[in-house]
Amino acid sequence: MRRRGFIFDCEGAAAAEMALILPIAVLLLFAGFESANYFYSQHQISKGLRDGARFAARQNFNDINCRSGASISSGVVAQIQNVARTGKASGGNARISGWDNADITVTVTCPTAAEAQTGIFTSSEPAPQVNLTTTINYDSLFNGLGVITDSAVIGARHQATVMGI
């Protein structure tokens, strides 16, 4: 008689179900926060490089040119890196913690004579293209939990043609 009562007893069933579901629910919650933070960081980096490339596209042809090979003045490189990293040419707080100017590579490429004749620029002075690339380690929200370690990396690149404004 006691066994029969024990088998059909429903007291505590909700607590048992909660104990079974809670670890999965917490895991899903943490995974959602972590993935949202990762995508937010990726977006901030992409937006920063886009802003930096847009800033570079508006530089003078004397600072970024293809006259004697691809060249760019060092002062302009620092300003481009600052705009990409902070949103200001003078610098400031980084969009993502741990993102330094040294993590941003600024290069200039010059189109060939055939490529230069296809657009509005002449082959005698082709428009330089500024390339920004970066790769930084992702700083996890829950680094102590060991879900995502320091091996996760965020990278992005952006390119713009200098207009010489």
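All of the numbers you see were taken from the coordinates with simple rules; none came from a lab. Not measured: the values here are computed from a predicted model. Cβ: placed from backbone, ideal geometry, glycine included. Neighbour counts: every protein chain shown.
A few comments on the model shown:
- Among 12-22, 99-109, the order from most to least packed when residues are scored by Cβ within 10 Å on average: 99-109, 12-22
- Sites residue 43 and residue 11 - FRET efficiency at Förster radius 41 Å, r taken between beta-carbons, to 0.05: 0.25
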